[in-house]
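Here is the structure we will look at, set down as structure tokens.
The values are calculated or read from the model by the stated rules, or taken from the named source; none is laboratory data. This structure is a prediction, so every number in the text was calculated from the model and none was measured. Here Cβ is always computed from backbone atoms with ideal geometry, including for glycine, and neighbour counts include all displayed protein chains.
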Amino acid sequence: MKKQIIVISNMDNMTYFFSTNHCQNHGLGDNYVPCTHYIPSRVEPRESVPNGIINNVNDLVAVFYDDMKEIPNPDSKFKLC
């Protein structure tokens, strides 16, 4: 069974946060864009995931958000546990 992980990111200031709602009204402006990822998922093998399988949040961050900074979700009711 696949697990859903929602990340809302801003490529202009290189920040992201996790959410439980893809359509969260975060109030941070239009530069923050949601992306829903499903794990496990397959990517081209690389140093961070040599087998090419994203199995958890740490793998997901290593593949897609490693050069960005995580910030707290501005609305605590949408934070991941």
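Residues in segment 34-60 that are assigned to a strand (DSSP E or B), of a type in the set (A, V, I, L, M) and surrounded by fewer than 16 Cβ atoms within 10 Å (Cβ to Cβ): ILE39, ILE53.
With respect to (1) of a type outside the set (Gly, Ala, Ser); (2) surrounded by fewer than 13 Cβ atoms within 10 Å (Cβ to Cβ); (3) at pLDDT 95 or above, the lone exception for ILE6 is condition (2).
Filtering segment 1-31 to residues that are touching a strand residue (DSSP E or B) at 6+ places or on another chain (Cβ under 6 Å), free of Cβ contacts under 8 Å to residues at least 40 places away in the same chain and farther than 15 Å from PHE78 by Cα leaves LYS2, LYS3, ASN31.
Among the residues making up segment 61-79, a single one is within 18 Å of HIS37 (Cβ to Cβ), modelled with pLDDT under 95 and not in a helix (DSSP H, G or I): LYS79. One residue alone among PRO40, PRO34, PRO45 is in contact (Cβ under 8 Å) with a residue 24 or more places away in the chain and either out of contact with any strand residue (DSSP E or B) (no Cβ under 7 Å at 6 or more places or on another chain) or farther than 21 Å from MET14 by Cα (or both), and that residue is PRO40.
Among the residues examined, ASN31 does not qualify as surrounded by 15 or more Cβ atoms within 10 Å (Cβ to Cβ), modelled with pLDDT of 95 or more and part of a loop (DSSP other than H, G, I, E, B). Here ILE39, ILE8 are screened, and the one residue that is under 19 Å from ILE71 (Cβ atoms) and either touching a Leu at 6+ places or on another chain (Cβ under 9 Å) or among the β-branched types (Val, Ile, Thr) (or both) is ILE8.
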